[in-house]
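Student: My structure is below; once you've seen it, I'll send some questions.
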Amino acid sequence: MRVFRALTMTAAACAAIGLSVPFASANTPMGGGGGPSNISVNPYAVHQGATMQVSAAGCGHGGTVTSPGNFPPANLSAGSIGFATVRIFNHASPGPHTLSVKCNDNSLVATHRFTILPGNPAQGGIGGSFGPSTAETAIGAGLVGAAALGAGAHVVRRRRPLRGRA
C-alpha cells in the first residue's frame with residue numbers, strides 16, 4: 001500500500017511538471033521576440049500641437065514609435081510595457097492617421113489608429129510684454145481717484161460728532 005501511494009504521488013508530480021512546460025514556454029520573458037502588441041494611445045483624438053501618450057507591450061528592450069508627417073520618431077521605453085510621449089506637429093493634417101511601433105529586438109511592426117483634431121494652440125510670448133494703453137491707464141487712474149474720494153468722505157463722516165450728543 002505504501003509503495004502504491006509513493007508511485008501515485010510521483011506520477012502526479014511528473015504530470016504536473018509535464019503539463020506546466022507548454023505554459024512556461026508560451027510566456028516568453030521580456031523581449032522574447034513576439035513583437036509589439038496591445039498598442040494604446042491616450043488621448044485617441046488629439047489636437048494639433050498637443051502631446052499624446054503611446055504604450056505597447058512586447059518590446060522588452062524598447063522600440064520606436066513613428067508616424068511620418070504627424071510627429072517626429074519617439075523612443076519607446078524598455079520593459080514589459082513600453083511608453084513614449086509624442087508631440088503632434090502644428091501643421092499635421094487633421095483626420096484619421098496611423099502610427100507604427102517597431103521593437104528594437106525584432107523586425108515585426110504593429111500599427112494603431114488615432115485622430116488629429118484641428119486646433120489653434122495658444123499663441124504665447126507677446127501678451128505680457130506690452131503695457132496698458134493710454135485709455136486703460138486713464139480709466140484705472142479715474143477709478144483709483146474715485147475710490148480715494150469715497151474712502152475720504154466715509155472717514156470724515158464717521159469722525160464728525162452727531163449734534164445733540166456730547
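Student: Along Cα→Cβ, 7 Å out, is where each label goes; now give me the distance between the ones at Ser107 and Ser40 in nm to one decimal.
Tutor: For Ser107 paired with Ser40, the spin-label model returns 3.2 nm.
Student: Subtracting the Cα-Cα distance from 0.36 nm times the residue separation, let me have the gained length for Ala78 to Ala141 in nm, one decimal.
Tutor: Value of the extension gain: 16.6 nm.
Student: Provide the per residue accessible area, probe 1.4 Å, for the range 35-104, rounded to a whole number of square angstrom.
Tutor: 46
The values are calculated or read from the model by the stated rules, or taken from the named source; none is laboratory data. Just so it is clear, the structure is predicted and the values come from calculations on it, not from any experiment. Cβ: placed from backbone, ideal geometry, glycine included. Neighbour counts: every protein chain shown. Keep in mind that these areas ignore ligands, DNA and RNA; they rest on the heavy atoms of the full protein, side chains included. Shrake-Rupley method; radii C 1.70, N 1.55, O 1.52, S 1.80 Å.
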